[in-house]
1. Find the residue count for the stretch 93-113, including only residues that are open to solvent by 20 Å² or more (accessible area, probe 1.4 Å), part of a loop (DSSP other than H, G, I, E, B) and either touching a Ser or Thr at 6+ places or on another chain (Cβ under 9 Å) or modelled with pLDDT of 75 or more (or both).
2. Go through the residues of the stretch 61-72 one by one and say whether even a single one is modelled with pLDDT under 85 and in a helix (DSSP H, G or I).
Amino acid sequence: MKKGFTLLELIVVIIIIGVLATMGFVQYTNVIEKSRKAEARANLGMLRNLEIVYYQEKGAYSDDVNGTTAADLNSALPLGTTGTCSNTAYYYNYNCATTGTCTAYRCTGGGKTPNAATAHNLTLTI
């Protein structure tokens, strides 16, 4: 009597491993996108605090976080969070309005295209 696995048993095991690997990859991408959203929320919270301080000092909200009208807001953000979405290090682009609203726009260029379920913008109103 020969010992071993039949071809059918091997195919079933390969299919099961493939299904588990696919489910794991989907969950991994969801966790990564969730962490990027958390980073954007943290940066928006920091912008909120900076906008409040800016308002108390100047009497108006800043309308730009890229440094043209409020360079102090740009320097306070962590490295790699402001700038254009064409850079592969950026996942969000931040914009503030004089109404006290800051928005984080999800970058989709430079190989960072999210699927339709995760393409989003986060807005914080002060």
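The values are calculated or read from the model by the stated rules, or taken from the named source; none is laboratory data. It should be emphasised that the depicted structure is a prediction, and the values quoted were computed from it without experimental measurement. Cβ: placed from backbone, ideal geometry, glycine included. Neighbour counts: every protein chain shown. Ligands, DNA and RNA are stripped out before the accessible areas are found, and what is left, the full protein with its side chains, is counted by its heavy atoms. Shrake-Rupley method; radii C 1.70, N 1.55, O 1.52, S 1.80 Å.
1. Looking only at that region, the number is 6.
2. Step one: list which residues in the stretch 61-72 are modelled with pLDDT under 85, which gives 61-72.
Still in the list and also in a helix (DSSP H, G or I): 71-72.
Scanning the stretch 61-72 turns up at least one residue that is modelled with pLDDT under 85 and in a helix (DSSP H, G or I).
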